[in-house]
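Only one structure is covered here, and it is reproduced in the block below.
Please treat every number below as a calculation from the coordinates, not as lab data. Every value quoted in this text rests on a predicted model; they were computed, and no experiment measured them. Cβ sites come from the backbone with ideal geometry, for glycine too, and all protein chains shown count toward neighbours.
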Amino acid sequence: MPHIERTIDIVWEGNVARGNGTINGRSGAFTDLPFSLPSRIAVAQGKTSPEELLAAAHAGCLTMSIAGELTGDGTPPTRLEVTCTIVMDEVEGQGHEIVASHVTVGGDEISDEIIERADTGCPFSRLLKKAGVEVTITRA
C-alpha cells in the first residue's frame with residue numbers, strides 16, 4: 001500500500017465548556033462538521049465528537065479489511081453492515097482514556113477466520129490494541 005496522508009482543519013471558538021468548533025476535511029468529503037464539549041459528553045444534538053469520528057475511522061477501516069479478505073478468498077461481499085462504539089472512561093491515575101472499541105459485523109456470511117484476518121490487517125485495530133484499547137468484534 002502506498003504512503004497515505006490525510007488532513008483535516010479545525011476551527012474552535014470560545015472556552016472548552018461553552019465553545020464550539022467545526023471540522024473540515026481537505027478532501028471535500030465533509031465541511032463544517034460541528035462539535036463541542038456538550039456533544040462529546042452529553043446529547044449530541046446534531047454535532048459530532050472525536051470519539052464518534054474514531055468510531056467511524058475504525059469501522060471504515062475494518063469494513064474495507066473484511067471486504068479485502070473476502071475478495072481475496074474469491075467471495076467478494078455483496079453487503080456488509082458494520083457498527084462501532086468507542087468507549088471513553090475515567091482510568092484511575094490516568095484521566096479520561098479510550099478504553100474499548102466494540103464492533104458488530106453483519107451482512108454477508110463471514111467466518112471467524114475472515115474476521116480475525118481482517119482485524120489483524122486493519123491499521124486502526126492494530127493502533128487501538130497497541131494503545132491498550134480492548135477491541136471486540138462480534139457478528140450481528
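Looking at Leu33, Leu62, Leu70 in this structure, which one is surrounded by 16 or more Cβ atoms within 10 Å (Cβ to Cβ), out of contact with any Ser or Thr (no Cβ under 8 Å at 6 or more places or on another chain) and on the phi < 0 side of the Ramachandran plot?
Leu70
For the range 82-126, how many residues meet the condition of being closer than 17 Å to Ile66 by Cα and under 14 Å from the mean Cα position of the chain (by Cα)?
14
For the range 106-131, name all the residues that are of a type outside the set (D, E, K, R), in a helix (DSSP H, G or I) and surrounded by 13 or more Cβ atoms within 10 Å (Cβ to Cβ).
Ile114, Ile115, Ala118, Gly121, Pro123, Phe124, Ser125, Leu127, Leu128, listed by residue number.
Could you figure out which of (1) surrounded by fewer than 17 Cβ atoms within 10 Å (Cβ to Cβ); (2) under 30 Å from Glu13 (Cβ atoms); (3) touching a strand residue (DSSP E or B) at 6+ places or on another chain (Cβ under 9 Å) isn't true of Gly95?
(3)
From (1) in a strand (DSSP E or B); (2) free of Cβ contacts under 8 Å to residues at least 40 places away in the same chain; (3) in contact with a helix residue (DSSP H, G or I) (Cβ under 7 Å, 6 or more places away or on another chain), pick out the condition that doesn't hold for Thr138.
The one condition Thr138 does not meet is (3).
Of all residues in the range 1-50 being of a type in the set (D, E, K, R) and in a strand (DSSP E or B), which is farthest from Phe124 (Cα to Cα)?
Only one residue fits best here, namely Glu13.
What number of residues in the range 1-38 are without any contact (Cβ under 8 Å) to a residue 12 or more places away in the chain and within 23 Å of Ile98 (Cβ to Cβ)?
Here the count works out to 5.
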